[in-house]
Structures are given as structure tokens and as C-alpha cells.
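S.K.: What follows is a structure written as C-alpha cells; I'll ask about it next.
The values are calculated or read from the model by the stated rules, or taken from the named source; none is laboratory data. What you are looking at is a predicted structure, and each value in this text was computed from that prediction instead of being measured. Positions of Cβ are generated from backbone atoms using ideal geometry, with glycine treated the same way; all protein chains shown enter the neighbour counts.
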Amino acid sequence: MKKNGILDVKYSLTQILYFASFSALMGYASVYLLDKGVSNSVIGTTLALVSIIAVFTQPMAASAVDKKVIRLQPLIIVIVALAVILSLCLYFFKLPTIILLCVFVGVVTCMMTIQPLLNSLAFLFEKYGIEVNYGLARGLGSAAYALASAVLGYLVEDFGTSMIPLFYIIGNILLIVVVYTYVVPKNQRHVVHREENQHEEVKQEQLSFFQFCSIYKKFMIFVVGVILVFFTHTIINNFFIQVITPIGGTESQMGIAVFIAAIVELPAMAMFNVMRKKIDCSTLLKISVIIFGLKHLLTFLATNVFMVYVAQVLQIGAYAIFIPASVYYVNEVISKPDLVKGQSMVTVGITASGIIANLAGGILLDTIGVHDLLMIGVVVSVIGALIVFMSIEKKRASIE
């Protein structure tokens, strides 16, 4: 595989802009909606609804790309453009609560739908003989998430929650511009034409969702484990202000906590290509789910904001390892014609955890409180880690 510096820069910018926008959208969802008079239960229900919709839109979008119904690049642009239009409605108009929630659901759904597509974008150029450094780009995305979260914490305290939609409007407009500029170098285009001619006679019919589940049974059990591991992760991220307020935390301290977790992801993700050459992705995934459990346990035991900061540092071995490891793991255990669908299944699993976590989290916060909710989350996270351990596979000898 050859390297192409311009494509590496563009892909890094794509991840940076996406996650900077996503930090404002999801990291401050509770802050934004609470300020609009929405209760915890309704916030949880709203985020759960987004997750339910995304469970369908993510594989649908992936399937459309796999079946060559639409190319990956224009599909991403169309979805992000729709998110921008809806975001402008949030920023410029004072909407009734029910309309506001519907528009918010639309924005988040768009952004969650393109997440697996952006992962697949990293491997789009492999057929042209070009390798993109996914780990570095994803690490820079986490750094952008960190910086955006920290900055937003202070901006919201000083200027109010109107800064939140403005932030992701700007970020998404820039994202459209960057994705639009993706161009394969002319001297590499002949590679894909040659490969397409060689494989023209062995084109494979695309699998339906149920066919995929039937063929990749162990992989789907792995996805179930992912759902459980990410249950507490989702609760902490989406209800962070509710988690730290009882121990004396503020919006700016929440921003700092999110900054810590996201910034420590950068070195781990940037060095991931080096790590995976020495340690199997299956082993890295096992390590990551163990550290996830430790992070959730420490957050549960936290009695002050400093302990939350310490827990956030563990992100370096949890989310920071899991995300790139899972992306490469899919490429190792899923056949080439089903790769986009395979990438979407992991994202769907994380999204499905959002359905449970957001719906249950909002209701349980209003009924049993944050302490007991985090205790339940620790138990669920441990069960998920055990399932991941039992279902993980070694790299297949031949993936066609």
C-alpha cells in the first residue's frame, strides 16, 4: 500500500470536524435540553428515539453503498447538509418544545448515521492501492472532541446554550467542504479499473440483515457484548452534568472532564498502527473492555470531581483502544463484500446501547438517582466484557 499525504490530511480533517461537531451535539445534549425546560426522562426518551432510528438508518445507508445504489462520498455530503438545515432551525427559531425535540432528533440521527460511513471512508482508497492512517485521524478527532468540549463549557457559562447549535452548524458546513474535496489521484485510478475487471465475474449478492446474522453468528454475539459494555459509557457521556452535579461539579468542570477523556485518546489512537502490529486486535479489544469496566467502577465510586478526572484518564485504554481495534477487527473477520455492513453493525451495537441507556437512564435518574444508576451500569458493563471475551475471534486465514 502507498501513502498519500493529502488524503491523510483530508481524512484527519474529516474526523476532526465530525467529532468537534459531535461534542457539541451529544456531549452537551443534556445541558442544551435542560435549559429548554426538558426533563431528564424526556431527554432520555428523546436520545433513545434517536438511537432507535439510527439502528435502522445506519445499516440502510451502509447497504445502499454496498449495493452501489449511491457512492459513499455524496451520501455523506447529503446527510450532513440535511443536519445543517435542521440545525439552522434550532439556532434561528424559538420552537415549541415538541417541534424542538423533533428537529433535534433529526440532527442527531443524521450525525449518527454517517459515523460508520466515515469509518468506511478510511478504507475506500485501499482499492486504489492507497492506505489512510485511520488511527491517527481518529485520534485527532478525539483531540478535537476534547478541545471543543472544554471550550464549549466556558462559552455556555458565559454566553448561554445558544452557542451549542451554532458550534455544530459551523463544524458541519466545514465538514461538507472537506468531504467534497476528496479526489483519487489520477495515477492511481487505473488500479481499481483493473481490479473491477478481474472480479467482474465473481460479484456476490449482498446479504440481508438476517443472512448476515446467520453467517456471522459469533460476530453478532460480540456485538451484543458491545451493547452492554457501552451501556454505562453512554449514560455517563449523555448525562454527564447529572453525574457530576451531586459531587459539586459545574458545566465548565464537565467540559474539563470530557476534555481529559478525549485528549488522552490521541496518543493511543495515533500509535494504534504500531500496537496492532505487535498485539492482535482481538487481544486489544479484550484489554479495552476490561479498562472500560474499571473506568465505570471508578466513576461510580467518585466522591469528588478529581476522582471523576482520574476515571476519565482511563479512556486511554478503553474507548481509545476499542474504536480503532473494532474497525480493524471487522476487516479481519468479515468478508470484503460485507465490510461496510460489518462496520455498521458495530456502530449499530453502540447505537443500540444508546436506546437502552438513554431511555432507562433518563427514567432511572428521576426515580432511583444517579448513584444507583451507575451501580447498575457497572454490573452491566462487566457482563458485556465477559460476552466480548467469549465471542472474540482470531483473524481469519482468508477473507475474500
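S.K.: Working carefully through the options THR367, THR347, find the one that is over 20 Å from LYS217 (Cα atoms) and polar (S, T, N, Q).
M.R.: So the residue among THR367, THR347 that is over 20 Å from LYS217 (Cα atoms) and polar (S, T, N, Q) is THR367.
S.K.: Could you pull out the residue among ALA320, ALA270, ALA311, ALA325 that is within 26 Å of SER12 (Cα to Cα) and free of Cβ contacts under 8 Å to residues at least 60 places away in the same chain?
M.R.: So the residue among ALA320, ALA270, ALA311, ALA325 that is within 26 Å of SER12 (Cα to Cα) and free of Cβ contacts under 8 Å to residues at least 60 places away in the same chain is ALA325.
S.K.: Just to be sure before I move on: is ASN119 crowded, with 22+ Cβ neighbours inside 10 Å, of a type outside the set (Lys, Arg) and more than 20 Å from MET269 (Cα to Cα) in the structure I sent?
M.R.: no
S.K.: Can you work out which of the residues in the stretch 347-369 that are surrounded by fewer than 24 Cβ atoms within 10 Å (Cβ to Cβ) and of a type in the set (Val, Ile, Thr) is farthest from GLY384 (Cα to Cα)?
M.R.: Only one residue fits best here, namely THR367.
S.K.: Looking at the stretch 19-43 only, could you name the residues that are hydroxyl-bearing (Ser, Thr, Tyr) and touching a helix residue (DSSP H, G or I) at 6+ places or on another chain (Cβ under 6 Å)?
M.R.: SER21, SER23, TYR28, SER30, TYR32, SER41
S.K.: Going by the structure shown, is LEU284 part of a helix (DSSP H, G or I) and farther than 21 Å from GLY354 by Cα?
M.R.: Considered against the rule, which asks whether it is part of a helix (DSSP H, G or I) and farther than 21 Å from GLY354 by Cα, LEU284 comes out as yes.
Condition check ((1) within 21 Å of the chain's Cα centre (by Cα); (2) in a loop (DSSP other than H, G, I, E, B); (3) closer than 17 Å to ASN237 by Cβ; (4) of a type outside the set (Ser, Thr, Tyr)) across all residues:
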position: CYS110; (1), (2), (3), (4): yes, no, no, yes
position: LEU121; (1), (2), (3), (4): yes, no, no, yes
position: ALA137; (1), (2), (3), (4): yes, no, no, yes
position: SER142; (1), (2), (3), (4): yes, no, yes, no
position: ALA146; (1), (2), (3), (4): yes, no, yes, yes
position: VAL151; (1), (2), (3), (4): yes, no, no, yes
position: TYR154; (1), (2), (3), (4): no, no, no, no
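S.K.: Collect the residues in the stretch 209-261 that are without any contact (Cβ under 8 Å) to a residue 60 or more places away in the chain, assigned to a helix (DSSP H, G or I) and crowded, with 19+ Cβ neighbours inside 10 Å, keeping them in residue-number order.
M.R.: The answer is ALA257, and nothing else.
S.K.: Can you report the number of residues in the stretch 1-47 which are surrounded by 19 or more Cβ atoms within 10 Å (Cβ to Cβ) and small (Gly, Ala, Ser)?
M.R.: Residues that pass the stated criteria total 9.
S.K.: Also, I was wondering about something else. Residue check, MET269 against (1) over 24 Å from ILE247 (Cα atoms); (2) modelled with pLDDT under 85; (3) more than 15 Å from the chain's Cα centre (by Cα), all met but one. Which one?
M.R.: Condition not satisfied by MET269: (3).
S.K.: Inside the stretch 297-309, can you point out the residues that are under 17 Å from ILE256 (Cβ atoms) and loosely packed, with under 14 Cβ neighbours inside 10 Å?
M.R.: ASN304, PHE306
S.K.: Quick check: anything in the stretch 48-66 acidic (Asp, Glu) and either surrounded by 17 or more Cβ atoms within 10 Å (Cβ to Cβ) or free of Cβ contacts under 8 Å to residues at least 12 places away in the same chain (or both)?
M.R.: Yes, some residue in the stretch 48-66 is acidic (Asp, Glu) and either surrounded by 17 or more Cβ atoms within 10 Å (Cβ to Cβ) or free of Cβ contacts under 8 Å to residues at least 12 places away in the same chain (or both).
S.K.: OK, next. Restricting to the stretch 92-133, count the residues that are touching a helix residue (DSSP H, G or I) at 6+ places or on another chain (Cβ under 7 Å) and acidic (Asp, Glu).
M.R.: Looking only at that region, the number is 0.
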